[in-house]
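The values are calculated or read from the model by the stated rules, or taken from the named source; none is laboratory data. Please read these numbers as outputs of a predicted model, since none were measured by experiment. All Cβ positions, glycine included, derive from the backbone under ideal geometry; neighbour counts span all protein chains shown.
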Amino acid sequence: MNNTQSIPRFVLVGIPNAGKSSLLNRLTGNRAVIIHDKAHTTRDITLHPVEWAERAAYVQDTPGFTSSPDSEIETEAQVQLKAALHEATAVVFVVDITSPGVTDAERLLARLVRQSGKPVILALNQADKKHGDTAHFRALGFESSLEVSAHHAAGIDDLKTHLLELAPVSDESPQHTPNQWRVAFLGRPNVGKSSLLNAFTHANSAIVSAEAGTTRDPVSATITHNDTQLLLTDTAGMRRPGKIGRDIEYFSLTRTKQVIAQADICVLVLDATDPATAMDQRIAGMIREAGKGLVIAVNKSDAVTEEDKRRGRLDKRLTRDLEFVWWAPYVLVSATTGLNLDELLDQICEVGNRLTQKLLTRELNKILTQATVSRPPASSGLLRPKLNYITQTSSNPIEFSLFGTHPDAIHFSYRRYLENQLREHIDLRGVPIKLIFKSKYKPSGDE
Ligand code: GDP
């Protein structure tokens with residue numbers, strides 16, 4: 001999934017004392033670690049957000065690698081290492097240039113790295129120190145190497161440049177691959193995004209913690225559902241302005257926007273015991289604006305009281321406060337009990353299919369004609385707007401262009417009426433649509 005993961009991830013590997021930590025500090029400028037995972041792994045996963053040459057990336061550290069495969073901890077360490085390599089865009093293999101030979105641990109590590117098939121840069125660290133021949137490092141089997149000195153900050157910029165070259169610049173909205181959807185889980189902290197992801201992957205790749213805001217950045221996993229591959233991303237929980245420092249909030253918000261931009265379908269995760277807050281509305285609005293598929297997962301539905309159920313409080317909140325995305329399907333789920341998780345995946349796949357559908361121009365025009373005949377657009381002053389023709393001009397996101405005279409004079413409420421008419425005749429559940437009004441009548445003649 002790494003070629004689809006748009007924020008590149010550079011993973012540092014090496015044996016203890018190779019100088020990995022100092023190199024990490026140089027590469028990240030000592031910025032705070034944003035993900036800890038103590039709950040599910042024997043070792044922490046640490047991701048460091050960086051911005052090099054105006055590109056966002058993550059640098060991920062791994063524990064110093066030792067080779068004693070009979071110890072359980074080391075086996076676990078290898079599993080973790082493989083997971084890190086799987087997610088990596090490129091790998092930095094750190095060695096101490098002054099060491100006279102290659103150790104067994106380095107050989108084993110190099111094999112694991114080579115098996116991952118990821119591009120690797122061998123960083124010959126401590127290059128400031130006296131050293132002789134470095135030919136023995138060729139035994140590791142890597143083509144590119146670079147001399148660096150973490151202590152003297154030498155070669156660091158070169159290393160960054162090389163790494164960025166290994167990470168293809170992502171299009172904000174890359175082309176969709178058939179049977180593969182990029183799905184982002186978005187929502188406030190603590191609504192259960194990581195728990196859901198965990199429930200789907202049954203793996204350690206997502207993080208669950210009762211502490212708000214533990215998961216500040218995306219963590220991804222790939223699952224298969226009915227022959228469809230879903231690349232699931234758990235996103236930074238957004239915080240209410242004022243609650244936290246400006247930097248962190250800005251960071252989360254930009255990341256959230258980035259993740260939305262890179263997804264096909266967004267799952268807005270709500271907490272059933274407190275659904276549809278202002279922040280939830282804000283995220284839903286962002287998803288709609290971006291034209292991404294939207295499925296609402298009302299999580300923790302196991303925790304809804306019988307009294308609330310009887311009074312239909314949940315339904316009322318959802319229909320009232322998320323009225324502007326009324327077309328989005330919602331599924332009551334529980335990451336804890338597993339309720340409706342399959343149904344949620346079904347919905348995601350269906351929304352994906354609707355998002356990429358191509359509608360026939362003649363069908364669309366039939367709908368337009370019916371709509372304008374039964375209710376023509378109102379005049380605005382002396383202007384009498386008229387609409388003659390509609391065609392779909394984009395899928396994923398879905399966009400229609402409408403042609404006519406004085407389209408600028410068409411009232412907002414009429415636009416909404418047209419959208420509703422389209423939705424009445426075409427199954428567009430979970431799909432935001434954009435109507436573009438143009439003043440020239442230009443049949444494309446493509447059918
Ligand atoms: P995130 O910040 O959105 O990723 O939320 P987490 O996945 O870390 O979950 C936050 C808290 O909610 C944790 O204590 C979870 O155990 C709890 N939680 C998550 N899903 C459910 C659920 O379906 N039902 C209940 N009752 N609690 C849940």
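Only one of Thr305, Thr273 is over 20 Å from Pro432 (Cβ atoms) and in contact (Cβ under 8 Å) with a residue 12 or more places away in the chain. Can you tell me which?
From the options Thr305, Thr273, the qualifying one is Thr273.
Could you tell me whether any residue of region 166-173 is within 16 Å of the ligand (Cβ to nearest atom), at pLDDT below 90, under 30 Å from Met286 (Cα atoms) and out of contact with any strand residue (DSSP E or B) (no Cβ under 6 Å at 6 or more places or on another chain)?
Looking for residues that are within 16 Å of the ligand (Cβ to nearest atom), at pLDDT below 90, under 30 Å from Met286 (Cα atoms) and out of contact with any strand residue (DSSP E or B) (no Cβ under 6 Å at 6 or more places or on another chain), one finds none in region 166-173, hence no.
Could you say which residue among Val95, Val33, Val59, Val50 is at pLDDT 90 or above and at negative phi?
Sole residue among the options that is at pLDDT 90 or above and at negative phi: Val95.
When you go through Thr372, Thr356 one by one, which is the residue that is of a type in the set (Val, Ile, Thr) and modelled with pLDDT under 95?
Every option except Thr356 fails the conditions.
Any residue at all in region 198-208 that's at pLDDT below 50, within 19 Å of Arg255 (Cα to Cα) and near the ligand (Cβ under 9 Å from one of its atoms)?
Checked region 198-208: at least one residue is at pLDDT below 50, within 19 Å of Arg255 (Cα to Cα) and near the ligand (Cβ under 9 Å from one of its atoms).
Give me a count of the residues in region 292-327 that are within 16 Å of the ligand (Cβ to nearest atom) and of a type in the set (A, V, I, L, M, F, W, C).
Selection size over region 292-327: 7.
When you scan region 378-390, do you find a residue that is closer than 30 Å to Trp181 by Cα and not basic (Lys, Arg), even just one?
Within region 378-390, the first condition is being closer than 30 Å to Trp181 by Cα, and the residues that meet it are 390.
Still in the list and also not basic (Lys, Arg): 390.
Checking region 378-390: at least one residue is closer than 30 Å to Trp181 by Cα and not basic (Lys, Arg).
Which residue, of Ser334, Ser379, Ser374, is under 19 Å from His225 (Cβ atoms), without any contact (Cβ under 8 Å) to a residue 40 or more places away in the chain and of a type in the set (Ser, Thr, Tyr)? Outline the logic, then answer.
Working: Ser379 fails: under 19 Å from His225 (Cβ atoms); Ser374 fails: under 19 Å from His225 (Cβ atoms).
Exactly one residue qualifies, and that residue is Ser334.
Name the residues in region 274-291 that are more than 14 Å from the ligand (Cβ to nearest atom) and surrounded by fewer than 17 Cβ atoms within 10 Å (Cβ to Cβ), would you? Quick ask: steps written out before the conclusion?
Step one: of region 274-291, the residues more than 14 Å from the ligand (Cβ to nearest atom) are 276, 278, 281-282, 284-291.
Result: Ala278, Gln281, Arg282, Gly285, Glu289.
Of everything in region 402-430 that's modelled with pLDDT of 90 or more and small (Gly, Ala, Ser), which residue is farthest from Pro377 (Cα to Cα)?
My answer is Gly430.
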